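To start, the structure itself, in structure tokens.
The values are calculated or read from the model by the stated rules, or taken from the named source; none is laboratory data. Remember, predicted model here, so these are calculated numbers, not experimental data. When we count neighbours, we look across all protein chains shown, and the Cβ atoms used for this are built from the backbone with ideal geometry, even at glycine. Surface areas here come from the heavy atoms of the whole protein model, side chains and all, with no ligands, DNA or RNA. Shrake-Rupley method; radii C 1.70, N 1.55, O 1.52, S 1.80 Å.
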Amino acid sequence: MTDLLAASPLLTVMLVVALGTLLGIVPFGAVKLGPAGALFVGLAFGAIDPRLGEGLDLVRTLGLALFVYTVGLASGAAFFHSVRSQLPIMLSALGVLAISTVLVIGVGGALGLDSAVRGGAFAGALTSTPALASATARAASNEPAVGYALTYPFGVVLTIVAMSVILNRTWACPKDQPPVAAQALVDFTIEVQRPARLSDVPGFAEHLIRFSYLRRDEVTRVVRDDEQLAPGDRVVIIGPAGPAAAACDFLGRRAKRHLAHDRSEVDYRRILISSPMIAGRTVGSLDIPRRFDGIITRVRRGDTELLAREDLVVELGDRLRVVVPRRWMSDVGHYLGDSERKISEVDALSLSIGLAAGLLVGLVKVPIPGGISLSLGASAGPLVVGMILGRQERTGRIVWGLPNSANLTIRQLGLLLFLAATGLASGQAFASQAFTGAGLRIVLTGIVVVVITDVILGVVARMFGTSPVRAAGLLAGLISQPAILAYGNSKVDDERLGAGFTALFAVGMIAKVILVQLIVAI
């Protein structure tokens, strides 16, 4: 069997991915290994026969580049949007990671670990796959993977414990706004009892609510932004329950009969964005009111439903709730795309150009004092370019973004390929140290690093006046671990958790890629 696997590296990698996926869904208490299951299965296979880990550099690099590039595309817009407001906490997070770097050098050095293993312990304790790739490239060996594999489980488990502690605490958070977008959207009909312009309705100018149907003089049509409402009108409102109720109190009272239930004159349905000419544009620029006498009220992106603000950028794979006169429904569907087949296709041109640009950026080396040169490499180069292109959305006719489902699929596949190949190549070194005194020292180093990092970041977040929920998100983002974010989402339904994760995810990932090179070089 080992001869067969050694003769077919691709078969070996796919087998490791399959078994690693099965291992990843097995719960160990409150923790699941997730994609990291492929790493541990790869380590087990690689420990059996060294031939199984040979010739996998291309698979490893390709998987890593696909993973970080798609992460960059997905998080770029949110990252650049939050830079100004989150800059102080981002800079503080960089300081926390600098302390973590000093810790792993000091503690690891005191315990007799060599620099390559210290780099792997740093990457594992802070659960950063790109940092592992950077350390492996810098060390020109597979020793960092040993430190990574031994410390990774403790990084996940101990950070989940820290998040649980934070979420169960309360403290004053004067600078943290209460969640709005995470609230479920409601819609109902209002009987207007006082004259008012839509612009005067509380929440309309702030884009907290939208209106769709208008019934006046026994005729139903779509409301216009400059509408002057009159007593006797009936109008449909959409928004979170609180702002919608406030607008209802201002205009009149809630009607017993919902206008949206009568679709004889005005109709609505969700339409899939599959046209590259539409993706990357704002809701307002689609000009649905002028083209089709209609309005977009909601945007469903993945499992999240968003109010269709005029400045919201639509992406491939979004589903728009469109309200239009019945005669225009087929035309608006054709305009937006509405093709399941087309949305399942990946634009190979934009994907390959973006990846190539990222890999080129990763090749650039920056010399620093002490004879050390740093580079972003295949781990952070595609990430940085992906973030920039994700913020850009489109260049001319090229749409850089990917449909959400395609992005997640490519991201998962890339991560699994990288971890499987890394595990196979590192199995021999792992087996030689895992159950020895050296292995215990590696674990101890990782525990010290992750505990102190978690504590310091929690203190910093509280000093900045953030809420416990946002602080938990910041912690998950700094550790760059979606599994930790998933644990937080299972405990609270609050947009601030995801916002905190987004603020530090990319910053933390890039910083760790660079810092781990210093650890290995010293």
Seminar exercise, completed: Note, LEU376: beta-carbon cut-off 14 Å, +1 each Lys/Arg, -1 each Asp/Glu, net +3
Exercise. Three principal axis extents, largest first, for the C-alpha atoms of the range 411-484, in Å?
Worked result: 48, 34, 12
For this session: Report the far tail of the P(r) of the range 1-132, meaning the percent of Cα-Cα pairs longer than 24 Å.
Result: 50 percent
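Quick one: Cα convex hull volume of the chain, Å³ per residue? List each step's numbers first, then the result.
Details: hull volume 84.3 nm³, N = 522.
Expressed per residue, the convex hull around the Cα atoms of the chain is 162 Å³.
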For this session: Once every Cα of the range 112-248 carries one equal point scatterer and solvent is ignored, give the base-10 log of I(q)/I(0) from the Debye formula at q = 0.13, 0.15 Å⁻¹, two decimals.
Result: -0.68, -0.77
Exercise. Tell me, what is the per residue accessible area of the chain in Å², probe radius 1.4 Å?
Worked result: 43 Å²
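Please compute the Kirkwood hydrodynamic radius over the range 1-68, one decimal place, Å, based on all pairs of different Cα atoms. Don't skip to the answer; put the middle values down first.
Details: mean 1/r = 0.0790 Å⁻¹.
For the range 1-68, the Kirkwood estimate is 12.7 Å.
For the chain, what does the helix formula give at 222 nm: sum of -39500 (n - 2.57) over DSSP H segments with n ≥ 4, over the residue count, nearest 500 deg cm²/dmol?
Values: 18 runs with 301 residues, N = 522.
Result for the chain, helices only: -19500 deg cm²/dmol.
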For this session: Let me have the relative contact order for the range 185-233, percent, based on Cα pairs under 8 Å that are six or more residues apart.
Result: 51 percent
Problem set entry | With all protein chains modelled, accessible area of MET277 [1.4 Å, Å²] | 90 Å²
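DSSP loop (so not H, G, I, E, B), at most 11 other Cβ within 10 Å: list which trypsin sites (Lys or Arg not before Pro) in the range 247-324 pass both filters. All intermediate terms of the calculation are to be shown ahead of the outcome.
Numbers: sites: ARG253, ARG254, LYS256, ARG257, ARG263, ARG269, ARG270, ARG281, ARG290, ARG291, ARG298, ARG300, ARG301, ARG309, ARG319, ARG321; in loops: LYS256, ARG257, ARG263, ARG281, ARG309.
Here the trypsin sites (Lys or Arg not before Pro) that fit, given the DSSP loop and packing criteria, are LYS256, ARG257.
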Exercise. Excluding the sites themselves, what is the longest stretch of the chain that contains no GluC sites (Glu not before Pro) in a DSSP loop with at most 11 other C-beta atoms within 10 Å?
Worked result: 219-522
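Helix check for the chain. Which DSSP H runs span at least 24 Å along their own axis by Cα, with a mean Kyte-Doolittle hydropathy no less than 0.0?
On the way: long enough: 57-110 (39 Å, 1.43); 143-167 (36 Å, 1.57); 404-433 (42 Å, 0.68); 437-463 (39 Å, 1.96); 495-521 (40 Å, 1.66).
Going by DSSP H runs, the hits are 57-110, 143-167, 404-433, 437-463, 495-521.
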Seminar exercise, completed: Here the FRET efficiency for ASP57 versus THR395, based on Cβ atoms and R0 = 30 Å and rounded to 0.05, is 0.40
Exercise. Rounded to the nearest 10 Å², what accessible area does VAL192 show when all protein chains are kept and the probe is 1.4 Å?
Worked result: 10 Å²
For this session: Compute, for TRP171, the solvent-accessible surface of its heavy atoms (probe 1.4 Å) with the complete set of protein chains present, and express it in square angstrom to the nearest 10.
Result: 40 Å²
Problem set entry | Straight-distance crosslink candidates among aspartates and glutamates, where the alpha carbon sits under 20 Å from LYS342 and sequence neighbours closer than 8 are dropped | GLU315, ASP318, ASP331, GLU393
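Roughly to the nearest percent, how much of the accessible area of the chain is carbon and sulfur, given a 1.4 Å probe? Before the final figure, lay out the partial values.
Values: 13840 of 22530 Å².
On the chain, the fraction of accessible area on carbon and sulfur atoms equals 61 percent.
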